[in-house]
């Protein structure tokens, strides 16, 4: 195991520990049946919502987008990159399938966002082409590494910036998704690997919440 892999393992372990604590706190509250169904689908809601820094990114059309513009819908925030060999295409394909199984009114309340952890290679044009293979409504965002790390740290989704001097480099990142509410705050996480059938069943009820 390389040093980078060890670092990612430690970060993922810490996130898993945090999620475990959150699960216990959530289950100790009310509506335990509903919460248990959400957790079984991989949806972990925070006991209290968490503010997200209003950072600015560039989307796949080359337009500036701030995190404050994420308000109005439930946002499934995924950190990945277009050269990813496995996790990213699998996750985006699953999200496309989940979206296709949601009722129309639920689809209108959900936004899928890919935040690129590989800004050196993921130009807006490349992001647009890549996301078009899955769903043209998916939003792609890129920013300098410093901005990416601020957002990743704020929503507790770890990733390790790559050594871009190496040819055909890969980027170590988590497969978990950050879940943002329509008020723009972080409401929780969706754990990887995704369970498409259970998520499609639970998301319609979740997105009815304010």
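We did not get these values from a lab; they are worked out from the coordinates using the rules stated. Model, not experiment: these values are computed from the prediction. Cβ sites come from the backbone with ideal geometry, for glycine too, and all protein chains shown count toward neighbours.
General remarks:
- Remark: 138, 83 ranked as 83, 138, counting other beta-carbon atoms within 10 Å and listing the fewest first.
- Centre-to-centre separation between the Cα atoms of the range 175-202 and those of the range 135-158: 15 Å.
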